[in-house]
Amino acid sequence: MAAVSLPGMSTARYITPAERQRLLAELPNPRDRLVAIIGFNTGLRISEILSLRWKQLMRGHEPMAYLEVPRRFLKGGRARTKKRVTSRRIPLNAAVAAAIKEWAFARTGSGPLPGERFVFSSRKRYPGVLSRRQAHTIISEAAHRAGLAPGVAPHGLRRSYAGDVYAATGHDLLAVQSLMNHRSCLTTALYLKPRQEELDQVVLSLGAGVVDSDQNHACRISAPCHFLNNSAMRSASPSS
């Protein structure tokens with residue numbers, strides 16, 4: 001039987017902040033919620049998230065300030081062109097730190113964490129870690145329960161991160177490219193395709209500055225026309 005491909009960048013969409021809250025509310029398992037929170041706040045690919053081990057997230061009973069992801073666990077990090085891929089060092093914000101502590105406590109209480117063990121463990125699959133397919137099922141089913149529009153998938157977490165960084169940096173494409181670990185800004189641009197509702201708002205906003213006053217409207221229209229008419233008269237010739 002042919003393998004069924006999972007939705008990727010072309011189908012997974014941006015998830016709005018309001019939708020994220022509804023999605024997280026439908027992920028009662030702290031493990032599953034951590035998958036989503038890390039995705040929204042670090043931009044890691046789902047395969048990179050699932051490869052994480054406890055020693056990368058926790059030191060003793062406290063979350064790390066930074067997440068270090070070795071090159072070999074990043075996309076292309078084991079390919080012939082791996083020298084083009086650099087390891088990533090990502091700061092972990094308060095939302096991620098809280099979610100890490102919640103899942104760590106659910107796993108071992110106040111006991112020590114096995115540093116070499118996978119963070120996103122699963123009893124259903126060897127070698128004891130969630131698969132990309134399982135992660136997709138978890139996220140998509142939670143989105144369905146939350147009543148979200150189609151297109152919510154694990155890669156949408158990364159797309160949402162790109163959109164948030166783009167807005168937070170004042171539309172700095174190079175900053176997004178760096179934080180997404182892309183080799184080309186053309187790849188980054190694919191993540192920032194405007195949503196239809198954003199395009200609609202742009203069109204609607206074009207009339208926001210129109211003044212209803214007939215007098216003001218006439219002044220704005222007549223002045224340019226007067227200038228153009230005078231210019232046209234001066235430049236016109238019998239042969240034109």
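The values are calculated or read from the model by the stated rules, or taken from the named source; none is laboratory data. Predicted model, so just to flag it, every value in this text is computed and none were measured. Positions of Cβ are generated from backbone atoms using ideal geometry, with glycine treated the same way; all protein chains shown enter the neighbour counts.
So here's what we get for this one:
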quantity: Checking residue 15 against (1) modelled with pLDDT of 95 or more; (2) assigned to a helix (DSSP H, G or I), the condition it does not meet; calculated: (2)
quantity: Test for residue 141: is it surrounded by 15 or more Cβ atoms within 10 Å (Cβ to Cβ), at pLDDT 95 or above and farther than 24 Å from residue 197 by Cα; calculated: no
quantity: Inter-residue pairs, beta-carbon under 7 Å, first in contact (Cβ under 8 Å) with a residue 40 or more places away in the chain and in the range 42-65, second assigned to a loop (DSSP other than H, G, I, E, B) and acidic (Asp, Glu), 6+ apart; calculated: 53/116; 55/116
quantity: The range 158-173: number of residues that are among the acidic types (Asp, Glu) and either under 14 Å from residue 20 (Cβ atoms) or touching a Cys at 6+ places or on another chain (Cβ under 9 Å) (or both); calculated: 1
quantity: Residues of the range 177-208 satisfying the condition of being in a helix (DSSP H, G or I) and hydroxyl-bearing (Ser, Thr, Tyr); calculated: 178, 187, 188, 191, 205
